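Here is the structure we will look at, set down as structure tokens.
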Amino acid sequence: MKKSMLLAGAFLCAFTAARAAGVKICLEAETAEVIEAPMVLVTNGIEGASGAYLEIPEGVGNPPKVTNGKAVLSFEVPSDGVFTLWCRVWWEGECSNSFTGQLDDDPVFLFGEDATYKVWHWVKYPVARTTAPLRLSKGSHTLTFRNREDGVRLDQILLSADRRFVPVDIEAPGLRK
Ligand SMILES: [Ca+2]
């Protein structure tokens, strides 16, 4: 291969990475196209949510007894990238602070298990740098949240290709580059 072609390739990679670096995709949990009981949509619940939110109410049960309960969201990714998943959640307590998550048909991962309770807050995945990040190709994808513990609430989802970005309050839904 000619040197000029190699340089062009390197430039293209750098350019693509730079473009993906700032991408943020924010979704309202309540726009899920599949909401399976005991996951429910709550429209007038805990204050401070961005519109409605999804909830697995306290006391409705969780695996292995209750295996149902999920939400499936679809979204478009504008360019290939490595993403951090942020979710704006409200946990009831230490036995009510997680979901399992799944990107497309990839392996299921544990989401949450932090120790911030009874307040809306953002939680990320992966937490550790040793965990493989979420690699997303340009195009359509689905994100599934499943029942793991009851007493959990999900308000917004934000996929960010900017590692330094930390959401603080309610985010504007949609795509930002
Ligand atoms: Ca919401």
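If you scan the stretch 33-72, which residues turn out to be near the ligand (Cβ under 10 Å from one of its atoms) and among the small types (Gly, Ala, Ser)?
49, 50, 51, 52
Where residues in the stretch 120-160 are β-branched (Val, Ile, Thr) and within 19 Å of residue 41 (Cβ to Cβ), which of them is most open to solvent (accessible area, probe 1.4 Å)?
By that ranking, first place goes to 142.
Is it fair to say residue 114 is open to solvent by 30 Å² or more (accessible area, probe 1.4 Å), of a type in the set (Asp, Glu) and more than 14 Å from residue 73 (Cβ to Cβ)?
Considered against the rule, which asks whether it is open to solvent by 30 Å² or more (accessible area, probe 1.4 Å), of a type in the set (Asp, Glu) and more than 14 Å from residue 73 (Cβ to Cβ), residue 114 comes out as yes.
Out of 155, 169, 150, report the one residue that is acidic (Asp, Glu), more than 20 Å from residue 33 (Cα to Cα) and within 16 Å of the ligand (Cβ to nearest atom).
On inspection, the qualifying residue turns out to be 169.
Report yes if some residue within the stretch 90-98 is open to solvent by less than 60 Å² (accessible area, probe 1.4 Å) and either over 22 Å from residue 38 (Cα atoms) or of a type in the set (Lys, Arg) (or both); otherwise report no.
Looking through the stretch 90-98, none of the residues is open to solvent by less than 60 Å² (accessible area, probe 1.4 Å) and either over 22 Å from residue 38 (Cα atoms) or of a type in the set (Lys, Arg) (or both).
Could you please find all residues in the stretch 52-80 being in contact with a strand residue (DSSP E or B) (Cβ under 6 Å, 6 or more places away or on another chain) and at positive phi?
Scanning the stretch 52-80 gives a single hit, 69.
Taking residue 41 and the conditions (1) in a loop (DSSP other than H, G, I, E, B); (2) in contact with a helix residue (DSSP H, G or I) (Cβ under 8 Å, 6 or more places away or on another chain); (3) open to solvent by 50 Å² or more (accessible area, probe 1.4 Å), which numbered condition does it fall short on, given that it satisfies the others?
Failing condition for residue 41: (1).
Is there any pair with a first residue in the stretch 55-66 that is over 22 Å from residue 28 (Cβ atoms) and among the aliphatic types (A, V, I, L, M) and a second that is at pLDDT 95 or above and in a loop (DSSP other than H, G, I, E, B) whose Cβ atoms are under 6 Å apart and which are 6 or more apart or on different chains, and what are they?
Pairs found: 60/38; 60/150.
Yes/no per residue for (1) out of contact with any Lys or Arg (no Cβ under 8 Å at 6 or more places or on another chain); (2) modelled with pLDDT under 95:
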| position | (1), (2) |
| --- | --- |
| 5 | yes, yes |
| 24 | no, no |
| 30 | yes, no |
| 57 | yes, no |
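Among (1) open to solvent by 60 Å² or more (accessible area, probe 1.4 Å); (2) more than 13 Å from the ligand (Cβ to nearest atom); (3) modelled with pLDDT of 95 or more, which single condition is residue 11 missing?
Among (1) open to solvent by 60 Å² or more (accessible area, probe 1.4 Å); (2) more than 13 Å from the ligand (Cβ to nearest atom); (3) modelled with pLDDT of 95 or more, the lone unmet condition for residue 11 is (3).
The values are calculated or read from the model by the stated rules, or taken from the named source; none is laboratory data. Owing to the predicted nature of the structure, the values given are computational and were not obtained by experimental measurement. Please note: Cβ atoms are built from the backbone with ideal geometry, for glycine as well, and neighbour counts cover all protein chains shown. Please note that ligands, DNA and RNA were not included when accessible areas were found on the heavy atoms of the full protein model with its side chains. Shrake-Rupley method; radii C 1.70, N 1.55, O 1.52, S 1.80 Å.
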